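See below for the structure under consideration.
No lab work stands behind these numbers, since they all come straight from the coordinates. This one's a predicted model, so the numbers in the text were calculated from it and none came from an experiment. Glycine gets a Cβ as well: all are built from the backbone with ideal geometry, and neighbour counts include every protein chain shown.
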Amino acid sequence: MRKRMPAIERLSAEDFDAAVKELARLLVDAVDSGASVGFVVPFDHEEAAAWWRAQAPAVADGSLMVWVCRDGGALSGTIGLALARKPNARHRAEIVKLMVHRDARGRGLSRALLATAERAALAAGTDLLLLDTETGSTAEHVYLTGGWTRYGVVPDYAGSPDGTLQDCSFFYKRLTASG
């Protein structure tokens with residue numbers, strides 16, 4: 001029997017502040033499990049919480065939307081949508097920090113979170129999304145099979161959590177009202 005998909009909710013500024021500790025736990029899990037999400041080991045909960053707290057002003061002003069899903073009460077995944085601030089770029093946004101806890105992977109949560117952010121982007125008047133991810137990663141497979149277009153690979157773009165330089169794939173997706 002298939003387990004039902006956990007509900008996905010957008011965090012208000014107040015909810016975001018209250019969720020920082022759980023978001024930090026999720027970020028540490030991502031780094032500890034090898035995800036290239038901008039941090040290197042050693043990486044602890046205090047550093048992760050500080051990074052999330054630094055995002056609070058953008059969440060409060062609406063330029064960063066953050067969604068989470070909970071499984072059995074525990075935060076199991078998150079995704080962010082960063083809206084462009086420049087006047088000539090308001091038609092585009094960036095997907096940031098799509099993460100699923102290692103215990104919740106393989107159930108379609110990444111795709112559900114991504115679809116949620118895509119719908120919200122379209123509702124916000126954004127029809128072009130961008131993102132980057134480590135080349136050859138599981139995340140890259142999600143984007144390649146989810147209608148995203150890879151427009152380039154940059155060698156040695158970012159370090160993995162152990163500091164090894166990795167290639168990075170850059171993607172875009174055009175959104176339409178019909179999906």
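In a Gaussian network model over the chain where Cα atoms closer than 10 Å are linked, find which of Pro87, Pro155, Pro42 has the largest mean-square fluctuation.
Pro87
Okay, helix-only estimate at 222 nm for the chain: each DSSP H run of n ≥ 4 adds -39500 (n - 2.57), divide by all residues, round to 500 deg cm²/dmol; what do you get?
-10000 deg cm²/dmol, from helical runs alone.
From Cα pairs below 8 angstrom and at least 6 apart in sequence, can you work out the relative contact order of the range 8-174, rounded to a whole percent?
22 percent
What's the exposure ranking of Ile8, Ile79, Ile95, going from fewest to most Cβ atoms within 10 Å?
Result, fewest neighbours first: Ile8, Ile95, Ile79.
How much length is gained if the chain between His141 and Leu165 is pulled fully straight, taking 0.36 nm per residue apart and subtracting their Cα-Cα distance, in nm to one decimal?
6.7 nm
Mind jotting down the distance between the C-alpha centroids of the range 27-77 and the range 111-131, whole Å?
Cα centres, the range 111-131 to the range 27-77: 19 Å.
State the answer as a single residue: which of Val40, Ala60, Leu83 lies farthest towards the positive end of the charge dipole of the range 12-123, with beta carbon charges of +1 for Lys and Arg and -1 for Asp and Glu, about the Cα centre.
Of the options given, the answer is Leu83.
What number comes out for the charge environment of Gly80, summing +1 per Lys or Arg and -1 per Asp or Glu over other residues with Cβ under 10 Å away?
On the way: positive: Lys97; negative: Glu94.
Around Gly80, the charge tally is 0.
Which one of Lys21, Lys86, Lys97 has the biggest mean-square fluctuation once the chain is modelled by GNM with Cα springs under 10 Å?
Answer for the Gaussian network model of the chain: Lys86.
What residues from the range 74-93 fall in the zone where the backbone N is under 19 Å from a label point 7 Å along the Cα-to-C-beta line of Arg102?
Answer for this model: 74-78.
Hey, in the GNM for the chain with a 10 angstrom Cα cutoff, which one of Leu144, Leu130, Leu114 fluctuates hardest?
Leu144
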